[in-house]
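As structure tokens, the structure follows; a few thoughts come after it.
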Amino acid sequence: MPKRSKSSSRWLSEHANDEYVKRAQKEGWRSRAVFKLAQIQESERILRPGIRCVDLGSAPGGWSQYAARIAGGKGRIVATDILSMEAIPGVEFVQGDFREESVLEQILQRLAADKVDLVLSDMAPNMAGIDAVDQPRSMYLAELAIEFADRVLAPGGDLLVKLFQGAGFEQVIKDARTRYARVVTKKPKASRTRSPEIYLLARQFRMV
Ligand SMILES: C[S@@+](CC[C@H](N)C(=O)[O-])C[C@H]1O[C@@H](n2cnc3c(N)ncnc32)[C@H](O)[C@@H]1O
């Protein structure tokens, strides 16, 4: 078996000892990421019963499980990921690479003309560990999510999107302020301190 690098060994041991990994396993959530959304929900109440929501970068499905639980069998949750995802009751899934026009079209067709109340994006590329590669890739996915929100959000709708601090970050926030009444960043406790990830929460979409 090939020898593990120091950083992958560190990741494995941190993962096994992580309180959120343990809680996710115990409570039946598919990912520790669910606690990031739950912590944002606690203060911001972005999800509600009957909500219409799209979850971009949904696999393995923690956020979708959580959104479906709050939606309570009413409203609609459409999830998408480049990877496959095991079915979740109350969640429609489209598999594909969100950077491809054909995948975007499939999602838009699925929504038909219906607008949604909330766009979630936890999309993150496979990290190369090289900032000059990772930052533009992550930023591109976030920009696609933001453009998508412009197309599908109902007036007054909300967007929660994962960003990585670095080149382009301030500009994205500035742009969001032109289209949403309230824009804040969130670093939930469940997000690892040394991760550059941060969530942009933009509320009360105004039509563009
Ligand atoms: C941090 S994980 C999401 C975890 C998820 N929120 C949960 O609670 O289970 C990021 C996801 O983004 C997806 N992703 C990355 N690039 C993508 C792309 N181009 N199109 C669609 N999904 C993508 C990955 O496959 C991965 O499943």
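For the list (1) under 20 Å from TRP29 (Cα atoms); (2) touching a residue at least 12 places away in the same chain (Cβ under 8 Å); (3) not small (Gly, Ala, Ser); (4) not in a loop (DSSP other than H, G, I, E, B), I need the number of the one condition that ARG69 fails.
Here ARG69 meets the rest and fails (2).
Answer yes or no: is there a residue in the stretch 72-89 that is at pLDDT below 95 and of a type in the set (A, V, I, L, M, F, W, C). First the steps, then the outcome.
Filtering the stretch 72-89 for residues at pLDDT below 95 gives 73-75.
Applying the additional criterion that residues be of a type in the set (A, V, I, L, M, F, W, C) yields none.
Within the stretch 72-89, not a single residue is at pLDDT below 95 and of a type in the set (A, V, I, L, M, F, W, C).
State all residues of the stretch 153-208 that are of a type in the set (A, V, I, L, M) and in a helix (DSSP H, G or I); if no residue qualifies, say none. Before the answer, list the steps.
Filtering the stretch 153-208 down to residues of a type in the set (A, V, I, L, M) leaves 153-154, 159-161, 163, 167, 172-173, 176, 181, 183-184, 190, 198, 200-202, 207-208.
Matches in the stretch 153-208: VAL172, ILE173, ALA176.
Going through the stretch 97-139 one residue at a time, which ones are modelled with pLDDT under 95, away from the ligand (no atom under 12 Å from the Cβ) and assigned to a loop (DSSP other than H, G, I, E, B)?
Across the stretch 97-139, the qualifying residues are ALA112, ALA113, ASP114, ALA128, GLY129, ILE130.
Given the structure, is GLU147 more than 13 Å from the ligand (Cβ to nearest atom), outside any loop (DSSP other than H, G, I, E, B), of a type outside the set (Gly, Ala, Ser) and free of Cβ contacts under 8 Å to residues at least 12 places away in the same chain?
The answer is yes for GLU147.
Which condition does VAL54 not pass, out of (1) under 23 Å from VAL152 (Cα atoms); (2) within 8 Å of the ligand (Cβ to nearest atom), if it passes all the others?
(2)
If you scan the stretch 53-110, which residues turn out to be among the acidic types (Asp, Glu) and closer than 26 Å to ARG203 by Cβ?
Scanning the stretch 53-110 gives ASP55, ASP81, GLU92.
Does LEU83 satisfy the condition of being in a helix (DSSP H, G or I) and within 12 Å of the ligand (Cβ to nearest atom)?
No.
The rows are residues; the columns are (1) surrounded by fewer than 17 Cβ atoms within 10 Å (Cβ to Cβ); (2) within 25 Å of PHE35 (Cβ to Cβ); (3) among the basic types (Lys, Arg).
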site	(1), (2), (3)
GLU92	yes, yes, no
PHE98	no, yes, no
ASP117	no, yes, no
ASP122	no, yes, no
ASP131	yes, no, no
ALA142	no, yes, no
PRO155	yes, no, no
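LYS36 - would you say it is within 13 Å of the ligand (Cβ to nearest atom), among the charged types (D, E, K, R) and part of a helix (DSSP H, G or I)?
yes
The values are calculated or read from the model by the stated rules, or taken from the named source; none is laboratory data. Since this is a predicted model, take the numbers as computed values, not measurements. Here Cβ is always computed from backbone atoms with ideal geometry, including for glycine, and neighbour counts include all displayed protein chains.
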